[in-house]
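Novice: Please read through the structure below; I'll follow up with questions.
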Amino acid sequence: MTPSFIQANTNGRLHSATEPSISPLDRGFLYGDAIYEVWRTHQGVIFTWDEHWARLGRSAASLHMNLPWTADEMLAEVRRTAAAYRTATSFAGELYIRLQVSRGAGPIGLDVALADQATFVLLVQPCPENAPAVLRDGLRLSIATTLRRNPIESLDPAWKTGNYLNNLLGLREARVRGADEVLMLNLRGEITEASTSNIAFVRGTEIVTPPVSAGILEGITRAVVLKIIAPAAGVAVRETAIRPDELGAMSECFVLSTTKNIAPVGAIDARAFKVSAGTVTARLQTAFDAHIRAVGVARPALRV
């Protein structure tokens, strides 16, 4: 089996992700009428399973979409898919698990009543890890100038949907300028988030991060860091609007996501940030690692 092999599970059928598995009339394909979640394992244990499942439910409710499976039923499918991947590849490392739910297929047309029934696709592959250079030097971000983050009033970024063009085009703009990631502003000119990560800064002795009301995804890793990790590390947290002209007051910056965990940012355009062993970011990373180990011991039932 090649290293690029991805194990798929479409509505309970296990197959290679290279095989066709959904109808051309699927609404996720035609209209982005879908929601999704991504989990990863730490020490072989699915991290924050319940929190991600709850967010999937909130996204479904926001789109008036029915989820016909229970959390336990889907967890059983995740286990089957992960086991099939490990059998096919002999891979023993950490897994990336993506679940996409479409409203279903049906006649062409925007009316949601045309959908037949919800479908799911699970994808399992190795979880990407932060490269040593990223941990040493930090990511390079660039502020998008041609696009703004979707406003809450139009398509709320808190809904984790299958429509990612805003993020995709923002990231493209940043990559053209040689950056690793994009930093999106909202229509008020406030900092929101990166293409697939939340963002936070260190100002003085506290963490500052955009509030959900700025128009961001309610990140699961963000919530863990703000509610558990930062207090454990003795770091105060403030959720507040942040504008680009305030970056000069920030000494550190980091992004947060399921796959990146806590990753340092070395620069946003020309503004450089401190990346070293003695930073607040490094303290958070250490506390996060300890939390992961504790969760792994406490949740052996989530081992895959």
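Novice: Inspect all residues belonging to region 159-177 and state whether any of them is outside the structural domain of ILE199 (by TED's automatic domain parsing), surrounded by 15 or more Cβ atoms within 10 Å (Cβ to Cβ) and farther than 21 Å from ASP33 by Cα. It would help to see each step written out before you state the result.
Specialist: First pass over region 159-177, keeping only residues outside the structural domain of ILE199 (by TED's automatic domain parsing): none.
The answer is no; no qualifying residue exists.
Residues are listed down the side, and each one gets a yes or a no for (1) among the charged types (D, E, K, R); (2) not in a strand (DSSP E or B):
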position	(1), (2)
ARG188	yes, yes
GLU193	yes, yes
GLU218	yes, yes
LYS227	yes, yes
VAL237	no, no
ILE242	no, yes
PHE254	no, no
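Novice: State the number of residues belonging to region 42-79 that are in contact with a helix residue (DSSP H, G or I) (Cβ under 6 Å, 6 or more places away or on another chain) and of a type in the set (Phe, Trp, Tyr).
Specialist: 2
Every residue, every condition in (1) modelled with pLDDT of 95 or more; (2) closer than 26 Å to TRP39 by Cα; (3) among the hydroxyl-bearing types (Ser, Thr, Tyr), yes or no:
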position	(1), (2), (3)
GLU181	yes, yes, no
ALA200	yes, yes, no
THR209	yes, yes, yes
ILE216	yes, yes, no
ILE229	yes, yes, no
SER257	yes, yes, yes
SER276	no, no, yes
THR279	yes, no, yes
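Novice: Sticking with this one: Filter region 237-276 down to the residues that are among the small types (Gly, Ala, Ser), within 29 Å of THR48 (Cβ to Cβ) and under 24 Å from the mean Cα position of the chain (by Cα) and list them by number.
Specialist: ALA241, SER257, ALA263, GLY266
Novice: Are any of the residues in region 127-150 surrounded by 17 or more Cβ atoms within 10 Å (Cβ to Cβ), in contact with a Phe, Trp or Tyr (Cβ under 8 Å, 6 or more places away or on another chain) and under 15 Å from LEU63 (Cβ atoms)?
Specialist: no
Novice: Follow-up question, since we're still on this one. Which number in (1) among the aliphatic types (A, V, I, L, M); (2) touching a residue at least 24 places away in the same chain (Cβ under 8 Å); (3) outside the structural domain of TRP159 (by TED's automatic domain parsing) marks the one condition that ALA287 misses?
Specialist: (3)
Novice: Quick check, is THR221 among the β-branched types (Val, Ile, Thr) and buried (at least 21 other Cβ atoms within 10 Å of the Cβ)? Talk me through it step by step, then tell me what you get.
Specialist: Working: among the β-branched types (Val, Ile, Thr): yes; buried (at least 21 other Cβ atoms within 10 Å of the Cβ): yes.
In short, yes.
The values are calculated or read from the model by the stated rules, or taken from the named source; none is laboratory data. Predicted model only: the values in this text are computed from it and were never measured. Neighbour counts run over all protein chains shown; Cβ positions are idealised from the backbone, glycine included.
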